[in-house]
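Notes for the one structure printed next.
The values are calculated or read from the model by the stated rules, or taken from the named source; none is laboratory data. Computed from a prediction, not measured in an experiment: that's the story for all the values here. Positions of Cβ are generated from backbone atoms using ideal geometry, with glycine treated the same way; all protein chains shown enter the neighbour counts.
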Amino acid sequence: MVILLRGGECLGGLCEQTTTIDQSGLVHVAAKPPNQLGTVNPVDLVGLQAAIATTDFGLLRTHKFTGTCPTAVDGPELVLTFSTANGAEVLAACTTQLDFTWPVLAALVTALAPIWPLPHQ
């Protein structure tokens with residue numbers, strides 16, 4: 001899965017940070033150095049994979065975001081891309097009202113907490 005923080009102003013223009021959790025649980029960022037942040041605990045990885053496999057992403061996207069996108073005030077938008085058996089499923093904070101009590105997001109927060117606390121809005 002891929003976690004993208006995009007928006008806000010950086011010296012070179014628009015800010016963007018991409019963090020990936022690969023199938024083995026390795027967490028790394030696209031920028032270097034260093035790009036490896038750590039590895040998700042195997043139990044948490046299994047929990048995250050199970051949550052992804054059982055999530056109805058279409059249903060989650062029916063919860064429309066109605067506020068002001070953080071990018072409008074120089075902040076980042078959180079965009080989550082989940083790899084599923086049906087292909088990539090995207091939840092973007094400026095289009096979907098993300099609820100971190102949803103099992104898939106709670107599993108993501110739990111999996112990343114020891115390595116990289118997920119900046120959520």
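Quick rundown of the values:
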item	result
Residue within the stretch 75-86 that is in contact (Cβ under 8 Å) with a residue 60 or more places away in the chain and farther than 19 Å from LEU118 by Cα present	no
The stretch 75-95, residues that are of a type in the set (Ser, Thr, Tyr) and assigned to a loop (DSSP other than H, G, I, E, B)	THR95
Criterion (in contact with a His (Cβ under 9 Å, 6 or more places away or on another chain), assigned to a helix (DSSP H, G or I) and at pLDDT 95 or above) met by exactly one of LEU59, LEU98, LEU105, LEU48	LEU105
Restricting the stretch 1-40 to residues that are crowded, with 16+ Cβ neighbours inside 10 Å and in a loop (DSSP other than H, G, I, E, B), the residue that is nearest to the chain's Cα centre (by Cα)	MET1
Criterion: of a type in the set (Ser, Thr, Tyr) and modelled with pLDDT under 95 - qualifying residue of THR68, THR84	THR68
Among (1) in a helix (DSSP H, G or I); (2) within 19 Å of ALA106 (Cβ to Cβ); (3) among the small types (Gly, Ala, Ser), the one test that ALA72 misses	(2)
